[in-house]
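S.K.: Take this structure first; my questions come after.
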Amino acid sequence: MGQRIAISSGDINGIGPEIILKTLNNRELKDNTVIILSSKSVIDFYADKLGIDLNYKVVTSIENIQEQAINLLHAYEDDAPAISPGTLNEQSGACAMQAVEQALKLCKTGQADALVTAPISKEAVNLAGYHIPGHTEFLAEHTNTTDFLMMLVNDGLRVGLASIHIPIADVPEALTEESIIRDATIMHQSLQQDFGIAAPRIAMLGLNPHAGDGGIIGKEEQQLIAPAIKTLTDQGLEVTGPHAADGFFGNRKYEHYDGILAMYHDQGLVPFKTLSFGTGVNFTAGLPIVRTSPDHGTAFDIAGKGQANPSSFEQAFDLALQLSANRKVKNNDHEY
Ligand SMILES: NC(=O)C1=CN([C@@H]2O[C@H](COP(=O)(O)OP(=O)(O)OC[C@H]3O[C@@H](n4cnc5c(N)ncnc54)[C@H](O)[C@@H]3O)[C@@H](O)[C@H]2O)C=CC1
Ligand SMILES: NCC(=O)COP(=O)(O)O
């Protein structure tokens, strides 16, 4: 039996609807079912611009979903929200999050097997009153998940972030020995359960230049990261480090590891995106639902121009199919 994939529209003024249309227009669904959370007006607006004639069915409720087909379920409070490509505003932020909320509801109730999120603007969703740094934290909060990890993955590279969307000045304080142990453990479990790697090899990066250079350029490696690695290895996990981040990527050491735990957002995502922008997928490990997303944002600068490359969204869609087939989501284990 196929998978049911819920797709949230992302910001209606960004490239979300375009990459959804391009992806689904080129996809053979086989025995899978797609439910787009958006509105007919938005999908038709971008389909007209792109000259795409997508075969989809508008459904008014989940009970009317047509299997092995593309369904569109209206997700917004507005019947036909104003569309203005490239413009960030409160309404586009509200629609983006209403789509995520509806899609999450389908996953939580078992009516969808996985969620693929198109990009939202963090600024727009905050204007709309959703005071969140991103999908990751929103989905964790709304599934009662405390232990989660943002991971960016492609075929050979999987990078997790020990701190996510916080100001750089707050990073050292946000890291503790316990939080590093927890994040490496989530990564280890996800590599085993989601990615089928029996004995994952994890590399832990340092926080400071040259991984602190013996404590000359910062003490977090000695005080937090090395003790965390010792605890993890004592527990039988294969974890090495702390590695100096520049040489680790520059010397292609990452090729010898199944997962890399970076200490902060740009430390992990700059090399990841440099190596794989357009093919990477953002995956939230530790959630009771499967959630993937492309590795890029709303790209307002090219919205509505037909220039958006759908390849990362295609990979996110394919990974959602693969992971949801692999993983039986145990909703009953979680109190939402
Ligand atoms: N999962 C999500 O919802 C994500 C949301 N964002 C949000 O998106 C907004 C814009 O972020 P930026 O830092 O500007 O990053 P961005 O990824 O939107 O854009 C960076 C550059 O890459 C280009 N680009 C991005 N995706 C592309 C694609 N598929 N095809 C062709 N070119 C593409 C853009 O045109 C731009 O020049 C922010 O509010 C950010 O928080 C960023 C990353 C992920
Ligand atoms: N840099 C990754 C990013 O911003 C994605 O955030 P999220 O919406 O997946 O939490």
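S.K.: For the range 201-225 and the range 23-49, what is the separation of their Cα centres, given in Å?
M.R.: Taking the Cα centre of each part, the range 201-225 and the range 23-49 sit 46 Å apart.
S.K.: Using a 1.4 angstrom probe on heavy atoms only, work out the carbon and sulfur share of the accessible area of the chain in %.
M.R.: Of all accessible area on the chain, carbon and sulfur atoms account for 47 percent.
S.K.: Hey, another quick one. Grab the Cα-Cα distance for Gln235 and Thr109, subtract it from 0.36 nm times how many residues apart they are, and report the gain in nm with one decimal.
M.R.: Extra length available between Gln235 and Thr109 comes to 41.8 nm.
S.K.: Ignoring GluC sites (Glu not before Pro) that are buried or in helix or strand per DSSP, and keeping those with at most 12 other beta carbon atoms within 10 Å, what is the longest stretch of the chain between them?
M.R.: Excluding the exposed sites themselves, the longest stretch runs over 78-334.
S.K.: Report the residues of the range 159-177 in range of a label on Gln223: point 7 Å along Cα→C-beta, backbone N strictly under 12 Å from it.
M.R.: 172-177
S.K.: Using only Cα atoms, locate the centre of the range 126-148 and the centre of the range 274-319, then give the distance between them in Å, rounded to an integer.
M.R.: The range 126-148 and the range 274-319 have Cα centres spaced 18 Å from each other.
S.K.: Next question, about the same structure. Compute the helix-to-body angle for 90-108: its Cα long axis versus the longest principal axis of the chain, expressed 0 to 90° and rounded to tens.
M.R.: It is inclined by approximately 80 degrees.
S.K.: Given the DSSP H assignment, sum -39500 (n - 2.57) over each helix run of at least 4 residues in the chain and divide by its residue total; what's the result at 222 nm in deg cm²/dmol, nearest 500?
M.R.: -10500 deg cm²/dmol
S.K.: Now, a different point. Kindly report the accessible area of the chain per residue (heavy atoms of protein chains, probe 1.4 Å, no ligands, DNA or RNA), in Å².
M.R.: Per-residue accessible area for the chain comes out at 42 Å².
S.K.: Continuing with the same structure: With a Förster radius of 30 Å, plug the Cβ-Cβ distance of Ile302 and Glu101 into 1/(1 + (r/R0)^6) and report the FRET value to the nearest 0.05.
M.R.: Once the sixth-power term is evaluated, E becomes 0.65.
S.K.: How far is helix 16-25 tilted, in degrees, relative to the longest principal axis of the Cα atoms in the chain, given as a value from 0 to 90 rounded to the nearest 10?
M.R.: 70
S.K.: In degrees, nearest 10, range 0 to 90: what is the angle between the Cα axis of helix 40-50 and the longest Cα principal axis of the chain?
M.R.: On a 0 to 90 degree scale, this one is about 80.
S.K.: If you don't mind, there's one more thing I want to ask. Could you report the accessible area of Lys273 in Å², rounded to 10, computed with a 1.4 Å probe on the protein chains as they sit in the structure?
M.R.: Approximately 70 Å² for this residue.
S.K.: Arrange the residues Ser311, Ser9 by how much accessible surface each exposes, largest first, with a 1.4 angstrom probe. The partial results should precede the final answer.
M.R.: Working: Ser311 25, Ser9 0 Å².
Ranked list, largest accessible area first: Ser311, Ser9.
S.K.: For Asn32, what charge total do you get from the other residues with a beta carbon under 13 Å from its beta carbon, if Lys and Arg give +1 and Asp and Glu give -1?
M.R.: Overall, the nearby charge balance is -2.
The values are calculated or read from the model by the stated rules, or taken from the named source; none is laboratory data. Treat the numbers as computed from the prediction; the structure is a model and nothing was measured. No Cβ is skipped: glycine too gets one built from the backbone with ideal geometry, and neighbour counts run over all protein chains shown. Accessible surface is based on the protein model in full, side chains and every heavy atom, while ligands, DNA and RNA are left aside. Shrake-Rupley method; radii C 1.70, N 1.55, O 1.52, S 1.80 Å.
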